[in-house]
Amino acid sequence: MPCPLCHKRKASRACPALGQSICSVCCGTKRQVEIACTSDCRYLVAARAHPASVVQKQQQRDVALILPVLSRLTERQHQLFFMLQSLIVRHESEGFVRLTDTDVAEAAGALAASLETAARGVVFEQTPASTLARPLLTKMRESLQELGKESGRSFDLEAIPVLRSIERGALDTRGSIGDDTVYLALMGRLLTQTTAETASKTETGNGIILP
């Protein structure tokens, strides 16, 4: 019986998401891309437990790039860092122009500068030069204001190193590889991996869900 996806190779793997068998190539290449895999799929579980060497090498490179960015943050700031990163990765720009690492750095840097100025008793809102960075800055500011309602200025002071870490990470990662979307792609992979691992642990009752 031919695979219903490629119509070329033999259907040899039972796919619980599709309710029919597909070939091993389509299973490996379309898993969680074109196929909404279920958590009980044994092929998905095996792939997570024993990722291909190319995936392992990518994960190692990602960790090596992000560790310097997180090295000076507290655990609470780590959580805030990834919360803001999730907001950044999900942010959609208007029109067909993509958000770049430079836009992320400008938004985070301008917001950090505004909070630093406010901490000295001067109210002055820094504005990024990039028009794509401005809506992102607004979203991050609103999110921080919502989270810091009960903490006041102390929360703003705690958020400043987080924003500077995002700014530094976006600039340093882009500069080291020469692509203006490397940092965004890196954080997208890390967030996807973290979400998958958390979901897997939660299903077995061993997961910790961070706010």
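Return the only residue of Ser39, Ser93, Ser86, Ser114 being of a type in the set (Ser, Thr, Tyr), in the same structural domain as Ile160 (by TED's automatic domain parsing), out of contact with any strand residue (DSSP E or B) (no Cβ under 7 Å at 6 or more places or on another chain) and not in a helix (DSSP H, G or I). Can you show your working first?
Working: Ser39 fails: in the same structural domain as Ile160 (by TED's automatic domain parsing); Ser86 fails: not in a helix (DSSP H, G or I); Ser114 fails: not in a helix (DSSP H, G or I).
Being of a type in the set (Ser, Thr, Tyr), in the same structural domain as Ile160 (by TED's automatic domain parsing), out of contact with any strand residue (DSSP E or B) (no Cβ under 7 Å at 6 or more places or on another chain) and not in a helix (DSSP H, G or I) holds for just one of Ser39, Ser93, Ser86, Ser114, which is Ser93.
With Gln32, Gln79, Gln85 as the choices, which residue is touching a helix residue (DSSP H, G or I) at 6+ places or on another chain (Cβ under 8 Å) and farther than 30 Å from Pro4 by Cβ? Reasoning before the result, please.
Numbers: Gln32 fails: farther than 30 Å from Pro4 by Cβ; Gln79 fails: touching a helix residue (DSSP H, G or I) at 6+ places or on another chain (Cβ under 8 Å).
One residue alone meets the criteria, Gln85.
Assess whether Ala185 counts as being outside any loop (DSSP other than H, G, I, E, B), of a type in the set (Gly, Ala, Ser), farther than 24 Å from Glu75 by Cβ and free of Cβ contacts under 8 Å to residues at least 24 places away in the same chain. Show your work before the answer.
Working: outside any loop (DSSP other than H, G, I, E, B): yes; of a type in the set (Gly, Ala, Ser): yes; farther than 24 Å from Glu75 by Cβ: yes; free of Cβ contacts under 8 Å to residues at least 24 places away in the same chain: yes.
Answer is yes for this residue.
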- prompt: Of the residues that sit in segment 147-169 and are at pLDDT 90 or above and acidic (Asp, Glu), which one is surrounded by the most Cβ atoms within 10 Å (Cβ to Cβ)?
  reply: Glu167
- request: Considering (1) within 17 Å of Gly169 (Cβ to Cβ); (2) not in a helix (DSSP H, G or I); (3) not basic (Lys, Arg), say which one Gln126 fails and leave the rest.
  value: (1)
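Looking at segment 161-175, can you tell me whether even one residue there is free of Cβ contacts under 8 Å to residues at least 40 places away in the same chain and not acidic (Asp, Glu)? Give the derivation first.
Initially, segment 161-175 is screened for residues free of Cβ contacts under 8 Å to residues at least 40 places away in the same chain, giving 175.
In the following step, the residues that additionally are not acidic (Asp, Glu) were identified as 175.
Yes, segment 161-175 contains at least one residue that is free of Cβ contacts under 8 Å to residues at least 40 places away in the same chain and not acidic (Asp, Glu).
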- prompt: In segment 108-127, how many are under 17 Å from Gln145 (Cβ atoms) and surrounded by 15 or more Cβ atoms within 10 Å (Cβ to Cβ)?
  reply: 10
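Results for (1) modelled with pLDDT of 95 or more; (2) under 16 Å from Arg76 (Cβ atoms); (3) touching a helix residue (DSSP H, G or I) at 6+ places or on another chain (Cβ under 9 Å), shown as yes or no for each residue.
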| position | (1), (2), (3) |
| --- | --- |
| Glu94 | no, no, yes |
| Arg98 | no, no, yes |
| Ala112 | yes, no, yes |
| Arg120 | no, no, no |
| Ala129 | no, no, yes |
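The values are calculated or read from the model by the stated rules, or taken from the named source; none is laboratory data. For clarity, every value in this text was computed on a predicted model and none was experimentally measured. Methodologically, a virtual Cβ is constructed for each residue, glycine included, from the backbone with ideal geometry; neighbour enumeration extends over all protein chains shown.
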